[in-house]
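All remarks here apply to the structure that follows.
The values are calculated or read from the model by the stated rules, or taken from the named source; none is laboratory data. Model, not experiment: these values are computed from the prediction. So basically every Cβ, Gly included, is an ideal-geometry build from the backbone, and we count neighbours across all protein chains shown. Calculation scope for accessible area: heavy atoms of the full protein, side chains included, ligands and nucleic acids excluded. Shrake-Rupley method; radii C 1.70, N 1.55, O 1.52, S 1.80 Å.
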Amino acid sequence: MKLGLCAVSLVLGMLSLSLFREQPGFFCFLASGLTLFVLLFFREATPLGFLLVGFLWASLDAHRYINSKLPIQYHGTDFTITGQVNSFPKGDSRRITFLVNSSAPVSGTWTGGQIRLSWREPDSIPRLGEEWSFRVRLFTPSGMLNRSGFDYERWLFTQGIVATGYVRGDAQRLRDESVSVDGVRRYFKERVDSIANQQQAQAAGLLKALLIGDRTGIDQQQSDAFQATGTSHLIAISGLHIGLVAGASWFLVSFLWSRSVRLMRTVPAPLAGAVAAILGAFLYAALAGFSLPTQRALIMTIVFAGATCLRIYYPPLVRLAVALILVAVSYT
């Protein structure tokens, strides 16, 4: 029960950062750190300590992101960046948008990071996992000050995007990392596209969304239909899908394993099922590109199934508290 209270305190500490209009300064960090040090000597104050840890953790992550953004003095400046395409390009032959993770410092004072680019009338469509060199114009992430509208700057923050821009000059494909997780995801996408004909385009889009988390094939008509029926979450790989794969792997492997006396003498069926659940969840999360929802579900699967693998019994609430702590820490 106390661990559950600590987990809730950690999350509340992270959420408390939203109460500040500006990022906490050095003296706030110093005061929080000293208070946390004093609380280490009082066992009864552990939940309060977790509250401060959550606040400090979220604050440090926010400072890390702010410091990694394109400096305002470089807003609207042209750069040559080199990096790996980190998403499936979205759009058509007239205009595409995609993510690039820069692999080298862009300038002497800015190291770069994940950049969202648009490209009008591209010479060729970049593919996931390829390394490119682009001549681009970059902008510091920003959004409209409209409370009733979409918070674009917040969305960029949640995606870890440190700059936006567009391709305006030379673009060159440098190399292709085919032997990688991105290469496998790209293979499945191209395989589905090659098999599906024009009449099966909608079905192909759904298959790619459920198989590799690529929703670029979902047209506007399908998207509107899913939103109207409240089933949009079913086509975005999330905890539901990871849980189904993990549960099915656990049950199927445990059932088949228990049919063999020789295998049962070597490894118990519940242990084999737990290992299969972790492997199944990991492989499916990898196919989905390790998006945040799949990461959270994978962590929870590892916590719950890992206790069985280690042959250690923890009450369900303790496992849930440990999963909550790990998810909260990994989310920032």
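Restrict the check to region 230-241 and report whether at least one residue is farther than 30 Å from residue 92 by Cα and either part of a helix (DSSP H, G or I) or in contact with a Cys (Cβ under 6 Å, 6 or more places away or on another chain) (or both). It would help to see each step written out before you state the result.
Of region 230-241, the ones farther than 30 Å from residue 92 by Cα are 239-240.
Next, only the ones that are either part of a helix (DSSP H, G or I) or in contact with a Cys (Cβ under 6 Å, 6 or more places away or on another chain) (or both) stay: 239-240.
Scanning region 230-241 turns up at least one residue that is farther than 30 Å from residue 92 by Cα and either part of a helix (DSSP H, G or I) or in contact with a Cys (Cβ under 6 Å, 6 or more places away or on another chain) (or both).
Could you list, in sequence order, all residues of region 90-112 that are touching a Gly at 6+ places or on another chain (Cβ under 8 Å), open to solvent by less than 60 Å² (accessible area, probe 1.4 Å) and modelled with pLDDT of 80 or more? Before the answer, list the steps.
Taking region 90-112 first, the residues touching a Gly at 6+ places or on another chain (Cβ under 8 Å) are 97, 100-106, 112.
Pick out the ones that are also open to solvent by less than 60 Å² (accessible area, probe 1.4 Å) and you get 97, 100, 102, 104, 106, 112.
Matches in region 90-112: 97, 100, 102, 112.
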> If we keep just the residues of region 165-218 that are in contact with a Phe, Trp or Tyr (Cβ under 7 Å, 6 or more places away or on another chain) and open to solvent by 60 Å² or more (accessible area, probe 1.4 Å), which is modelled with the highest pLDDT?
Replying inline: 166
> If you check 305, 248, 272, which single one turns out to be surrounded by 15 or more Cβ atoms within 10 Å (Cβ to Cβ) and either touching a residue at least 24 places away in the same chain (Cβ under 8 Å) or in contact with a Gly (Cβ under 6 Å, 6 or more places away or on another chain) (or both)?
Replying inline: 305
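Given the residues 5, 36, which is the only one that is open to solvent by 70 Å² or more (accessible area, probe 1.4 Å), at pLDDT below 85 and within 19 Å of residue 329 (Cβ to Cβ)? Working first, answer last.
Values: 36 fails: open to solvent by 70 Å² or more (accessible area, probe 1.4 Å).
Exactly one residue qualifies, and that residue is 5.
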> Does region 147-159 contain any residue that is in contact with a helix residue (DSSP H, G or I) (Cβ under 9 Å, 6 or more places away or on another chain), assigned to a loop (DSSP other than H, G, I, E, B) and open to solvent by less than 70 Å² (accessible area, probe 1.4 Å)?
Replying inline: no
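Mind checking whether some residue in region 57-69 is part of a loop (DSSP other than H, G, I, E, B), out of contact with any His (no Cβ under 7 Å at 6 or more places or on another chain) and under 30 Å from residue 286 (Cβ atoms)? Walk me through it before giving the result.
From region 57-69, those part of a loop (DSSP other than H, G, I, E, B) are 69; that's our starting set.
With the extra rule that they be out of contact with any His (no Cβ under 7 Å at 6 or more places or on another chain), the set shrinks to 69.
Filter once more, keeping what is under 30 Å from residue 286 (Cβ atoms): 69.
Checking region 57-69: at least one residue is part of a loop (DSSP other than H, G, I, E, B), out of contact with any His (no Cβ under 7 Å at 6 or more places or on another chain) and under 30 Å from residue 286 (Cβ atoms).
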